[in-house]
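Since the structure comes first, as structure tokens, the remarks are kept for the end.
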Amino acid sequence: MDFVNLPLFAAAALVFASVLTGLFSARIGFSFLLVFLVAGMLAGEDGPGRYLFDDYRLAFWVGNLALAVILLDGGLRTAWATFRTGLRPASLLASLGVLVCAGVTALAGMWAAGLDWRTALLLGAIVGSTDAAAVFGLLNRSGVTLNERIGATLEIESGVNDPMAVYLTLAFIALLMPGASAHSAAGAFAMAFVQQFGWGALAGVLGGFAMAGLLNRVASRDAGGGVLALLIGAGGLLIFATAGMLGGSGFLAVYLFGIILARRAARAVKPTLAAMDGYAWLAQAGMFLLLGLLVTPSDLLDSLLPAVAVSLTLIFIARPLAVWVCLRPLHFSTREIGFIAWVGLRGAVPIVLALFPLMAGTPKAALLFNMAFVVVVTSLLIQGTTIGLVARRLGVALPDADDEPARRAVFGDFEFDAGLPVGRICDFYALPLPTTPEVALGDWMAEELLRPPVAGDTVELGSAAFVVRTVESGRITRVGLSLQDSEAA
């Protein structure tokens with residue numbers, strides 16, 4: 001039985017050591033996912049494990065399976081109200097934002113690595129999207145509570161931007177094929193774009209409604225949470241595969257599938273979340289370990305400096321520019337834009353997408369894979385370890401419910417019903433009167449904000465700052481007041 005026991009012992013020991021190390025490293029802000037990636041590298045060809053692994057097809061298959069499970073879990077945890085709040089900005093980031101990131105990163109690839117424009121565009125497409133596994137995991141473990149607008153935007157963006165990255169990657173691979181031209185491929189690209197998003201959305205929505213009806217019937221027949229989680233997981237993978245066979249995006253389909261399930265069958269879904277979380281962590285661990293095995297660190301040395309230059313360009317130029325272009329017209333504050341730009345985490349998705357050129361045999365495919373890997377490691381090291389710190393420095397973190405001093409610092413010392421006329425409050429505190437003093441305080445703030453309000457939004461008036469404390473069904477219900485003069489005293 002050694003052919004069973006020895007591989008099983010090695011694999012279990014590797015996962016056990018990685019998880020244990022990750023638990024300790026997470027306390028100091030080190031990315032859990034990066035631990036799995038490094039563990040895979042140490043077990044690989046250049047590490048102490050000396051295990052040679054170069055099965056790109058297996059890695060690609062496992063990567064897609066894992067991402068489907070992770071996106072399904074993320075969709076199940078995305079509340080419908082949150083989805084409505086973040087859909088518009090996230091959609092812009094997942095489309096126009098990916099294009100801007102890919103274009104600026106391509107310029108960096110041409111400058112730093114000497115790539116031709118087609119190969120540089122392929123590199124930009126590979127690393128252009130944020131990663132659901134990284135965003136979901138690191139936001140949850142960052143130790144900070146974000147306002148609904150920021151949290152929803154980041155989570156939905158990471159859930160729906162993969163289709164654009166996949167589409168661009170396949171399009172630029174087609175351009176690198178012998179005899180291909182941009183003019184002749186334009187029509188095919190447009191059709192592929194419609195198929196990716198159209199079939200993906202259709203499969204996810206129809207599958208979600210059908211599965212919700214089934215769950216509502218089955219859940220009442222003594223089916224436990226573990227069994228229902230298995231049913232949901234299998235259904236999600238079925239939708240993922242169906243969308244792919246139709247030419248659509250399985251990533252978009254499975255994420256929408258999860259959101260609709262959480263909306264239409266909430267009572268049945270709730271007992272399954274613990275099991276689904278376990279499936280998602282198992283998927284992340286397996287995926288990052290396998291991708292780490294696939295990398296040979298010695299092969300990274302020749303492209304290390306150009307790859308780092310591309311990564312820094314992506315982090316400090318491309319991502320901030322893309323976020324500013326997409327979110328400034330939607331009246332996001334400068335601090336919100338800065339934080340969302342910083343949480344442009346790259347994880348498994350760029351590495352999985354970098355397997356496409358290797359399997360297609362495109363020129364410089366190995367270089368693109370190595371550069372994508374360096375981009376991911378750099379992102380997890382620089383951005384992934386500083387999410388909590390940056391959130392607190394930019395002032396976008398909401399205080400804990402039981403931290404009264406922090407809550408008073410954020411929401412102010414006074415609290416009002418949002419239905420009170422704003423003019424009455426201004427008269428009492430000797431504040432400048434707005435143009436419509438008879439309007440309700442909450443309605444006045446919503447007009448001033450020019451965007452759907454969330455807890456933590458602030459409107460300044462003279463020496464005072466009105467802060468949204470609670471929102472119900474999209475309307476402000478309680479408002480805090482902070483007076484600068486009293487604070488100075």
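Observations on the model:
- Ranked by the mean number of other Cβ atoms within 10 Å of their residues, highest first, the peptides 370-382, 347-359 come out as 347-359, 370-382.
- Ranking LEU8, ALA59, LEU92 by how far each Cα lies toward the positive end of the dipole of the stretch 1-113 (charges on Cβ) leaves LEU92 at the top.
- Heavy-atom accessible area order for TYR429, TYR51, largest first, 1.4 Å probe: TYR51, TYR429
- Spacing of the two label points (7 Å from each Cα toward its C-beta) at MET359 and THR470, in nm: 5.1 nm
- Zone of TYR429's modelled label, taken as backbone nitrogen in the stretch 439-482 under 11 Å from a point 7 Å along Cα→Cβ: 459-468, 479-482
- Estimated FRET transfer efficiency (VAL308, ALA174; beta-carbon r; R0 22 Å; 0.05): 0.15
- Full-extension gain in nm, ASP443 to LEU389, via 0.36 nm per residue minus C-alpha separation: 16.1 nm
- Computing Rg and the Kirkwood Rh from the Cα coordinates of the chain gives a ratio, Rg/Rh, of 1.01.
- Computed from the C-beta positions of ILE382 and MET191, the FRET efficiency with R₀ = 30 Å rounds to 0.20.
- Every Cα-Cα pair of the stretch 392-483 was included, and the share exceeding 19 Å stands at 35 percent.
- Ordering of 286-294, 136-144, 95-103 by burial proxy (mean other Cβ atoms within 10 Å per residue, highest first): 286-294, 95-103, 136-144
- Positive minus negative residues near ASP302 (Lys, Arg vs Asp, Glu; Cβ under 15 Å): -1
- Under the convention that each Lys and Arg Cβ holds +1 and each Asp and Glu Cβ holds -1, the size of the dipole of the stretch 395-480 around its Cα centre is about 100 debye.
- Each Cα pair under 8 Å and six or more residues apart adds its separation to the average, and for the chain the resulting relative contact order is 21 percent.
- For the stretch 8-162, average projected area of the Cα convex hull in nm²: 11.5 nm²
- The stretch 206-339, Cα convex hull volume normalised per residue, Å³: 181 Å³
- When you work out D = kT/(6 pi eta Rh) for the stretch 36-96 at 10 °C and 1.306 mPa s, using the Kirkwood radius from C-alpha pairs as Rh and the Stokes-Einstein form, the result is 108 µm²/s.
- Average 1/r across all pairs of distinct alpha carbons in the stretch 301-389, invert it, and you get the Kirkwood radius: 14.1 Å.
- For the stretch 234-321, the relative contact order works out to 14 percent when only alpha carbon pairs closer than 8 Å and six or more residues apart are counted.
- A simple spin-label model places pseudo-atoms 7 Å from Cα toward Cβ; at ARG335 and ASP403 they are separated by 1.3 nm.
- Spin-label pair ARG328/ASP54, simplified geometry with 7 Å Cα→Cβ offset, distance in nm: 4.8 nm
- Mean projection area, nm², convex hull over Cα of the stretch 282-322: 4.1 nm²
- Most positive-pole-ward Cα, ALA133, MET276, VAL205, against dipole of the chain from beta carbon charges: VAL205
- With a cut-off of 14 Å between beta carbons, the residues surrounding TYR255 carry a summed charge of -3, where Lys and Arg count +1 and Asp and Glu -1.
The values are calculated or read from the model by the stated rules, or taken from the named source; none is laboratory data. It should be emphasised that the depicted structure is a prediction, and the values quoted were computed from it without experimental measurement. Virtual Cβ from ideal backbone geometry, glycine too; neighbours counted across all protein chains shown. Quick note on the areas: whole protein, heavy atoms, side chains included, nothing else; ligands and nucleic acids left out. Shrake-Rupley method; radii C 1.70, N 1.55, O 1.52, S 1.80 Å.
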